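This report refers to the structure that appears directly beneath it.
The values are calculated or read from the model by the stated rules, or taken from the named source; none is laboratory data. Just so you know, these numbers come straight off a predicted model, no measurement behind them. A quick note on method: Cβ atoms are made from the backbone with ideal geometry, for glycine too, and the neighbour counts reach across all protein chains shown. Side chains included, ligands, DNA and RNA excluded: accessible areas come from the protein's heavy atoms. Shrake-Rupley method; radii C 1.70, N 1.55, O 1.52, S 1.80 Å.
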Amino acid sequence: MRCKPCMQGKPLYQVFCFVFCAIVFTFLTGCGAGSITANTQATPTPTPSIAPTPTPTVSPSPTPTPTPAPASRLIFGITVFESNSGYQAGLISNGIVAPLPNDFTDSGLGQNIVTQLIADPQARFLYGLNLGASSFGITLGHPGIAEMQIIQQSGQLTRVPSSPLVFPSQQAGMLAIDNSGHFLYQPNAGVFDIYGINQITGLLTKLSSSAAGSVGFFTVISPDGRFLFNSGNPINGNQVVESLSIASDGTLAVVQSPIPTGGASAGVAGQLVVSSDNRFLFVLNQGSIAIFNIGGTGMLSPVVGSPFATDAGGAGFAIAPDGRHLYVAFQPNTNFVRGFTFDPVASTLTPIAGAFLNNDDRTITLDGSGSFAYVTEAGLLVTYSVDPATGALTRVSQATKPTSEGEQSMVVVP
């Protein structure tokens with residue numbers, strides 16, 4: 001059941017409406033080799049009658065080519081609005097998706113609004129952030145986190161024993177998992193809730209709430225696992241971002257207090273992503289994208305020209321592994337995807353001529369290798385190949401599922 005105001009407009013707008021209402025109701029809410037000395041024998045002094053052998057010239061070793069990121073093998077998605085069960089999965093082979101026939105139907109949370117799917121880096125566990133659903137004062141589901149194990153061979157999902165994690169009230173902060181797969185973080189009521197991940201079962205156990213404060217709903221952890229970035233709009237709608245360090249025990253410490261992104265945040269804008277080389281942080285504003293240099297200590301400084309203007313209505317984005325190509329999904333008035341090329345030398349963000357999708361395109365998720373893009377398009381999942389030089393998209397195939405109405409409710413895993 002849905003309230004009448006939320007029934008107007010397109011499905012994702014219904015999500016915005018519902019989440020807004022729910023929040024108001026709830027909150028009134030190389031590795032340098034050292035010199036070898038001790039274990040190296042000294043060269044004997046040559047006798048006068050024998051000329052010393054000249055030291056051969058050694059050519060420097062070539063710079064190793066970075067190991068390509070592995071291609072994704074599984075893809076998961078879920079319809080955002082009031083889903084009873086529909087966690088969908090597909091097997092990926094050379095970019096082509098073969099949907100699994102049976103959806104996962106046992107989250108244990110009932111009817112919910114699922115705003116995010118996230119997997120641990122080892123692709124063992126899948127977690128779904130549920131906001132809970134209600135209508136006319138009747139509770140239809142429970143807010144919390146659905147906890148699922150991924151069966152590697154088949155891609156099927158099973159419920160983690162003793163799950164789900166049920167919240168006492170709605171918590172809308174987006175989830176982030178550290179690169180070791182041991183800790184899950186969620187911004188909540190101005191702090192971060194920190195959960196331990198059982199390495200055998202995937203069960204979540206709350207460890208603490210951080211002393212470090214949070215500024216908003218959106219989080220991302222750098223690929224090297226050293227820093228967590230958090231964005232929000234606590235002051236007059238002007239978005240800010242902060243930087244925190246992650247200790248080996250999972251605790252957080254503020255590295256840099258909140259700084260402005262140069263734009264406003266509304267709805268689902270505010271999503272963050274870090275380039276795979278850990279050099280740049282991208283923040284989605286309404287109508288622009290802010291890009292920051294990430295210093296060695298985690299300090300942020302805006303690149304020249306940031307923020308860069310885009311279309312209005314940005315709902316989420318994906319970045320290629322090389323950090324050069326960025327794809328943004330725009331909603332809810334019209335649903336389309338546009339690609340951009342980021343040039344860190346020239347400090348420019350320019351549209352990609354061959355990367356504009358305008359057929360009710362709601363989400364875009366990039367393969368781990370960066371070779372393919374998976375797009376929810378007109379109710380189907382469409383695979384596009386990605387030109388590594390230009391970032392242009394070419395349609396390859398389509399499948400009936402998985403699909404999603406929300407940019408962060410689809411995820412690929414190795």
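With a simple spin-label model that places each label point 7 Å from the Cα along the Cα-to-Cβ direction, the separation between Gln122 and Asp224 comes to 2.4 nm.
Estimated translational diffusion coefficient (Stokes-Einstein, Kirkwood radius over Cα pairs, 37 °C, 0.692 mPa s) of region 262-414: 213 µm² per second.
Globularity index of region 183-295 is 1.06 (Cα radius of gyration / 2.2 N^0.38 Å, N = number of residues).
For every other residue with a beta carbon closer than 15 angstrom to the beta carbon of Ser288, add +1 if it is Lys or Arg and -1 if Asp or Glu, then tell me the sum.
Numbers: positive: Arg338; negative: Asp311.
Overall, the nearby charge balance is 0.
So what's the net charge close to Leu117: Lys and Arg +1, Asp and Glu -1, counting the other residues with Cβ under 14 Å from its Cβ? Neighbour charge sum, excluding Leu117 itself: -4. For Gln398, the residues 5 or more places off, or on other chains, whose built amide H falls under 5 Å of its own are Thr383.
Along its principal axes, region 89-233 has C-alpha extents of 46, 43, 28 angstrom, given from the largest down. Taking amide H positions as modeled 1.01 Å from N, with prolines and chain starts lacking one, the residues under 5 Å from Asp120 and 5 or more places away or on another chain are Phe125.
Computed from phi, the 3J(HN,Hα) profile of region 156-164 under the Karplus parametrisation 6.51, -1.76, 1.60 (θ = phi - 60°) reads 5, 10, 10, 6, 5, x, 6, 8, x Hz, with x in place of Gly and Pro. Taking only protein heavy atoms and a 1.4 Å probe, the accessible area of region 148-205 is 58% carbon and sulfur.
Multiplying the residue separation of Asn236 and Val345 by 0.36 nm and subtracting their alpha-carbon distance yields 35.9 nm.
Estimated at 0.36 nm per residue, the fully extended path between His182 and Ala353 surpasses their Cα-Cα distance by 57.4 nm. Per residue, the accessible area of region 343-388 comes to 37 Å², computed with a 1.4 Å probe over protein heavy atoms only. Applied to region 189-197, the Karplus parametrisation 6.51 cos²θ - 1.76 cosθ + 1.60 on θ = phi - 60° returns per-residue 3J(HN,Hα) values of 6, x, 10, 10, 7, 10, 10, x, 9 Hz, with x for Gly and Pro.
Please pull out the direction-averaged projected area of region 308-387, using the convex hull of its alpha-carbon atoms, in nm² to one decimal place.
Working: hull surface 20.4 nm².
Average projection, Cα convex hull of region 308-387: 5.1 nm².
Tell me the net charge near Ile75. Cut-off is 10 Å between Cβ atoms, Ile75 excluded, with +1 for each Lys or Arg and -1 for each Asp or Glu.
Values: positive: Arg73, Lys401; negative: Asp367.
Spelling it out: positives minus negatives among the neighbours equals +1.
Computed 3J(HN,Hα) for region 107-116, one whole-Hz value per residue from the Karplus formula 6.51 cos²θ - 1.76 cosθ + 1.60 where θ = phi - 60°, is 6, x, 9, x, 6, 8, 9, 9, 9, 7, glycine and proline marked x.
At a Förster distance of 35 Å, what's the computed FRET efficiency of Thr390 paired with Ala247, Cβ-Cβ distance as r, to 0.05? Kindly include the intermediate steps, with their values, before the conclusion.
On the way: r = 41 Å, r/R0 = 1.18.
It comes out at approximately 0.25.
Our estimate of slack between Thr205 and Asn94, defined as 0.36 nm per intervening residue step minus the Cα-Cα distance, is 36.3 nm.
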